[in-house]
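Computed from the coordinates by the stated procedures, all read-outs in this text should not be read as laboratory data. What you see is a predicted model; the values in this text were computed from it and never measured. All Cβ positions, even for glycine, are placed from backbone atoms using ideal geometry, and neighbour counts span all protein chains on display.
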Amino acid sequence: MDVTTALSLRMASLLLGGITKDSTLAVTEWFGALQAQDLNSVLWSLGVRLPGRTLPEIVAETERRDVVRTWPMRGTVHLIPSADAHWMLELTGVRALAGAAKRREFLGLSEADADRAAEILGAALKGGGRLTRSSCVAAINEGGVQVSGHLGYHLLWYASQRGITAIAPNEGSEQTFVLLDEWAQRRNTPSREDALGILARRYFRSHGPTTAKDFAGWTMLTMKDAKAGIAAAGLARVDVEGAEMWADPAALEAGPAHGWHALPGFDEYLLGYKDRSMMATPEMLKSIIPGNNGIFQPTLVRDGRVRAVWKRTVGKKAVSVVVSPLTPFTARDWADAEEALQPYGTFLGLPVTVKKLE
């Protein structure tokens, strides 16, 4: 298989192929996890895959408690199915937790105080409680563990990494936290072998064709566990110009996707891979991740390849978008790019105006 075909198949997988896109849960289960450290980005990641759905509608769906944000992989916030949170934290989150001791030493925090802070949060949230981030830090301080600055963030992460708390939808512009056991009213309990297979199946059906190395990088699993997951997932091996990749057989049968798409910066389209060379050149990546600082710019993608980055300014009456091409644009490209941005306006309930930065 050539790279162009593989990339078009990958784009189809990332846009859910032909499955019914009827809820945030359906999208989240398809991926297994959606990068979600930036709330606005993950909400648009959902919006791209739920055409016609508005931002308020998607936010309302996240209140149903069937999805939740926490730190299941790589020490990074993801949106995942609530019922899968516990086993994902135990399977892939444990590796990030293993490095917590070194971070505590740097911060001057004892393990006993970290555990005590988690207990304080658990007690404060018990019985359906929901506290903002600042209120959580205040509760920890009032409970006798004195924290400020980076200590507060670390302790909130630690409690969630241990499966005690999780991030609920925002209250205004501020994160809120809940007890994971109370938010996740249903709890899946696969065996370790089954869990590896579930993760592999979800990753490759939503990101494939791609490599075992990409899967291991996405999950933070060892290569041994990554290969065990692939073996259990019933995947198809694909040769892409000499590189061994894996894909969901149903996705291969469904075929590729074409066209233009306006994606947020922190989307699985780029963040779901260690190797992004199929989608963008090294020069393009310098513009997509300016300064290589981990902050990804929103992208305009055609047939799976990045063509431009875009920035938006939301006003009261319209959303203004500035498009910066990373490849030469024809008049037809400009027209297609502008059309691809219109669903974002529908999502926000505002007309979109596009400025061309040539």
field: Dipole of region 254-331, positive end: most advanced residue of 329, 315, 299 [Cβ charges, Cα centre]
entry: 315
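As an exercise, take the mean of 1/r over every pair of distinct alpha carbons in region 160-233, invert it, and state the Kirkwood radius in angstroms.
On the way: mean 1/r = 0.0704 Å⁻¹.
About 14.2 Å for region 160-233.
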Isotropic mean projected area of the C-alpha convex hull, region 257-300 (nm²): 3.2
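From Cα pairs below 8 angstrom and at least 6 apart in sequence, can you work out the relative contact order of region 1-125, rounded to a whole percent?
The value is 19 percent.
Compute the Rg to Rh ratio over region 68-164 from the alpha carbon atoms, using the Kirkwood formula for Rh, and round to two decimal places.
Values: Rg = 12.9 Å, Rh = 13.7 Å.
Reported Rg/Rh, Kirkwood definition of Rh: 0.95.
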message: Within region 292-327, list the residues whose amide N lies under 15 Å from a label point set 7 Å along Cα→Cβ of residue 339.
response: 301-303
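Note down the magnitude of the dipole of the chain about its Cα centre, charges +1 on Lys and Arg C-beta and -1 on Asp and Glu C-beta and zero elsewhere, to the nearest 20 debye.
420
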Mean separation of Cα contacts under 8 Å, 6 or more apart, over the residue count of the chain: relative contact order %: 21
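Could you work out how much longer the chain between residue 126 and residue 76 gets when fully extended? Use 0.36 nm per residue separation minus the Cα distance between them, nm to one decimal.
15.5 nm
For region 220-336, what is the convex hull volume of its Cα atoms per residue in Å³? All intermediate terms of the calculation are to be shown ahead of the outcome.
Numbers: hull volume 19.9 nm³, N = 117.
Looking at region 220-336, the number lands at 170 Å³ per residue.
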- prompt: Hey, got the Cα dimensions of the chain along the principal axes, in Å, largest first?
  reply: 63, 52, 37
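Roughly how large, in nm² to one decimal, is the mean projection of the convex hull of the alpha-carbon atoms in region 1-93? Mind dumping the intermediate values first?
On the way: hull surface 27.6 nm².
Here the figure is 6.9 nm², rounded to one decimal.
Multiply the residue separation of residue 170 and residue 253 by 0.36 nm, subtract the distance between their alpha-carbon atoms, and state the gained length in nm to one decimal. Walk me through the numbers before you get to the answer.
Details: separation 83, 0.36 × 83 = 29.88 nm, distance 3.98 nm.
Extending this stretch completely gives an extra 25.9 nm.
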field: Relative counts (whole %) of C-alpha pair distances in region 290-357, using bins that are 10 Å wide
entry: 19, 52, 27, 2
query: Normalised by the residues of region 308-352, what does the relative contact order come to in percent, with Cα pairs under 8 Å and at least six apart?
result: 38
task: Using a 10 angstrom cutoff on alpha carbons, build the Gaussian network for the chain and name the most mobile of 331, 247, 36.
output: 331
